[in-house]
Amino acid sequence: MTVESHELNVRVERLEKQNKSLKRLGAGLALGLGLLGLASAKMVCDTVTGERLVIHDSSGRTRVSVDAYTSDTPGLVFHNRDGRASARMGVNEQTGELVMNVYDARGKVKATWSLGNEAPKTQEAAPTKKADGPLTMAR
């Protein structure tokens with residue numbers, strides 16, 4: 001083996017060690033960046049607080065909310081695709097009855113169900129339509 005080929009072998013071995021070190025460094029950086037990306041990923045459920053719970057659909061529109069801001073009693077509100085309330089369930093502050101309102105496209109009450117302490121115990125407790133008003137629970 002000549003001196004020149006020996007020097008080439010030494011240089012190639014040194015380059016291979018440097019290449020191996022660079023590969024390890026690159027893999028470590030890629031792993032670190034991947035873990036950082038996972039740690040900073042946005043969670044699906046991102047709006048939960050102590051006074052209001054809002055559930056959004058995949059487009060970011062509010063679909064369900066539990067809210068205690070509108071009155072002294074909390075309410076559960078279901079929203080349509082346009083963000084308007086389509087149904088609300090809450091407690092009537094005067095009577096203490098559970099009340100559910102269903103709204104039409106204009107936001108007007110379309111139907112109302114009310115359930116008090118004298119809850120019906122039979123299956124005959126279907127909603128009935130009054131001649132001049134909204135639906136109510138039969139008693």
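Miscellaneous remarks
- Taking amide H as placed 1.01 Å from N in the peptide plane, Val91 has its amide H under 5 Å from the amide H of Val99, each at least 5 places away in sequence or on another chain.
- Spin-label model distance (nm) - Trp113 vs Leu98, 7 Å beyond Cα toward Cβ: 0.9
- Gain on full stretching of the segment that runs from Val64 to Leu31 - 0.36 nm per residue minus C-alpha separation: 8.0 nm
- Sequence-ordered 3J(HN,Hα) estimates for segment 21-30 from the Karplus curve with 6.51, -1.76 and 1.60 and θ = phi - 60° stand at 5, 5, 4, 4, 4, x, 5, x, 5, 4 Hz, glycine and proline given as x.
- Between Gln18 and Asn80, the contour length at 0.36 nm per residue exceeds the Cα-Cα span by 16.2 nm.
Read-outs: derived from the displayed coordinates by stated rules, not from any lab. Just so it is clear, the model here is predicted, and its values are computed rather than measured. We place every Cβ from the backbone using ideal geometry, glycine too, and count neighbours over all the protein chains shown.
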